[in-house]
Every structure is written in C-alpha cells, then in structure tokens.
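**Q** Take a look at this one; I'll ask things after.
The values are calculated or read from the model by the stated rules, or taken from the named source; none is laboratory data. It should be emphasised that the depicted structure is a prediction, and the values quoted were computed from it without experimental measurement. Note: ideal-geometry Cβ built from the backbone for every residue, glycine included; neighbour counts use all protein chains shown.
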Amino acid sequence: MRSIFPAVPLAALLLLFAVGEAHPFTGDGCASGACTDCHSLTRDEAVKILGSTVDNVLSVKPSPVNGLWEVAVEKAGRRLPLYVNFSKEYVITGQILQMSTKKNLTESRILSMNRIDVSQIPLSGAIVVGKKDARRRIIVFDDPNCPHCAKLHETTKEIVAKNPDVAFFVRPFPRNNDRPTHEKALSIVCAGTIRALEDGFAGKPLPKGECGSKAVDESIRIAQRFNIRLTPTMIFPDGRVVPGALGADAILSLLDEDADAPQPKK
C-alpha cells in the first residue's frame, strides 16, 4: 500500500531515535517516572501550534515514542496523527516504525482513526469470492478496468482456497464515473459471477447488463460518502479502510488483528 506520507527525511528519523534515547548517567527526572508528570500538551495548545496547517485538532495523547505527543487531526476529510515534541517547537509528519516488529505504527493509527461503519455497506449485488457464509468477510471496491484490482483478485482466490472462513464481496463500480465503465460494471453485476468479473478485468466482451440492478449507482454513492478514491479498496470487518492491492500475508495479518470484530450485515 502506498504511504499517505512522503519519505521520512533522515533528520526526522534521527529525531525520532534521539528523543527516546536515555543518557547513561541520569538522576531522577521525567524518564524515571511517567513523562506526563513533567510535560503536558492540551488540545488548545495543539490548535495554536498547528494553526491553519490542519482543519481540526481532535485529541492529544502520548505517542509510542518517548518525548513526543501524538496529535490526532483532520485534514481534507482524513484523520491523521501528527507528532509534537515535548518542547513544543517541532512538529513531525513522518512515520514511526517499530523495528522489533517491523510494524508501521503510524499507518496502523491512520487505519484505526478512519474506520467506517460496515453495516452501512450492503452486500447485495456484490460478486462473492469464497463462501457467502464465511465468518470473515472483506468488502472490495473494484474498477473493472483497474489492473491492480485484477492483481488483488488473484490474491483473493489464493486466500479463500486456503482459508474457507474468509470471503471477499466485490462491488464493481466506475472509479471515474464514466459511462463505458459504468456499463461494464453493470454487466458484471447482472451476470453475478466470478467469470464475468474476470472477463471484465481481461477486457473481454460482456453481455449488456439489463437486470435493472442499482448496485453500481449504490457503490458510487458509498464511495463518495466514505471518500473511496483509489481502487482496489478493501473494507475490513472492523471498518478499517485499506486501499491498494496488498499481498496475501498482509491481508491475513490485518484480518487477524480484527478477528473478533463485528461482521458486515447481509
């Protein structure tokens, strides 16, 4: 998945490591107890620091790295974490990587902060890859002309072959809302088969969709409502919105994180 942030500058990475580093000769101080005993950052202070660079400041809490506050903000319809150091002189827009686990903590926070209510996305009209009654269901927004969607489709088949409790509910729709792709998506929905979906990806001719389904228009409205602009985009059972054609291991890892989350309603 492409990061929403630019590459982290070396200086920013050095700062991230430096703020969490303890000097070998220390007496009593903030590092010996809770950092919040000596440092604080209120939401109002964060508003003043960030100013017009963000649309709204939602909350402030300690970050995973000592010496930094995590400030949850809204910008252009998205919720993001920024980091403010304890001196309140520096704002970091980079990513925090936990080297012991190889996990991108910032990306994980972004996914958690931008969850949606999966019960608001009906599954009717979706092409099902796997069993309809699978316990773990992922909703996928695909454009039938998208090569990355075709790549993800092959991955989904690989996953369901080995994991019968996982299924993908694919909602074809025209990402750019153009008429030819709309008609192609409708043809796939009316056919209702994986074969039609694959023929669409392959650019093969499809029978005209004349079933009267409103699923494609519904998918367009849902995509607009939840700001889904990139295809493919997956909606996980816990409401995390994950754009891009991830590999099987990454998808299963995300599923394992929300194994106990509520499932989409039929």
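**Q** Looking at E74, is it more than 30 Å from K184 (Cβ to Cβ), loosely packed, with under 13 Cβ neighbours inside 10 Å and either acidic (D, E) or touching a residue at least 24 places away in the same chain (Cβ under 8 Å) (or both)?
**A** So E74 does not fit the description; no.
**Q** Quick one: G125 ticks every box in (1) assigned by TED's automatic domain parsing to the domain that holds I228; (2) not in a loop (DSSP other than H, G, I, E, B) bar one, so which box is it?
**A** Here G125 clears every test but (2).
**Q** Sticking with this structure for a sec: Quick test for you: out of V216, V242, V166, pick the one residue that is under 19 Å from P122 (Cβ atoms) and crowded, with 16+ Cβ neighbours inside 10 Å. Lay out the reasoning, then the answer.
**A** Values: V242 fails: under 19 Å from P122 (Cβ atoms); V166 fails: under 19 Å from P122 (Cβ atoms).
On inspection, the qualifying residue turns out to be V216.
**Q** Any residue at all in segment 229-236 that's more than 26 Å from D117 (Cβ to Cβ) and of a type in the set (F, W, Y)?
**A** no
Conditions (1) touching a strand residue (DSSP E or B) at 6+ places or on another chain (Cβ under 6 Å); (2) in a loop (DSSP other than H, G, I, E, B); (3) without any contact (Cβ under 8 Å) to a residue 40 or more places away in the chain, marked per residue:
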residue	(1), (2), (3)
S108	no, no, yes
K131	yes, yes, yes
L152	no, no, no
E183	no, no, yes
I188	yes, no, no
D199	no, no, yes
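**Q** Same structure, new question: Consider R175 against the criteria (1) assigned to a loop (DSSP other than H, G, I, E, B); (2) touching a Gly at 6+ places or on another chain (Cβ under 6 Å); (3) under 23 Å from D199 (Cα atoms): it satisfies all of them except one. Which criterion is unmet?
**A** (2)
**Q** What single numbered condition from (1) on the phi > 0 side of the Ramachandran plot; (2) in contact (Cβ under 8 Å) with a residue 12 or more places away in the chain fails to hold for G212?
**A** Among (1) on the phi > 0 side of the Ramachandran plot; (2) in contact (Cβ under 8 Å) with a residue 12 or more places away in the chain, G212 violates only (2).
**Q** Something else: Of the residues S52, S119, which is touching a residue at least 24 places away in the same chain (Cβ under 8 Å) and surrounded by fewer than 16 Cβ atoms within 10 Å (Cβ to Cβ)?
**A** Working: S52 fails: touching a residue at least 24 places away in the same chain (Cβ under 8 Å).
From the options S52, S119, the qualifying one is S119.
**Q** Still on this structure, please answer the following. Within segment 61-71, work out how many residues are crowded, with 20+ Cβ neighbours inside 10 Å, within 22 Å of the chain's Cα centre (by Cα) and not in a loop (DSSP other than H, G, I, E, B).
**A** Here the count works out to 2.
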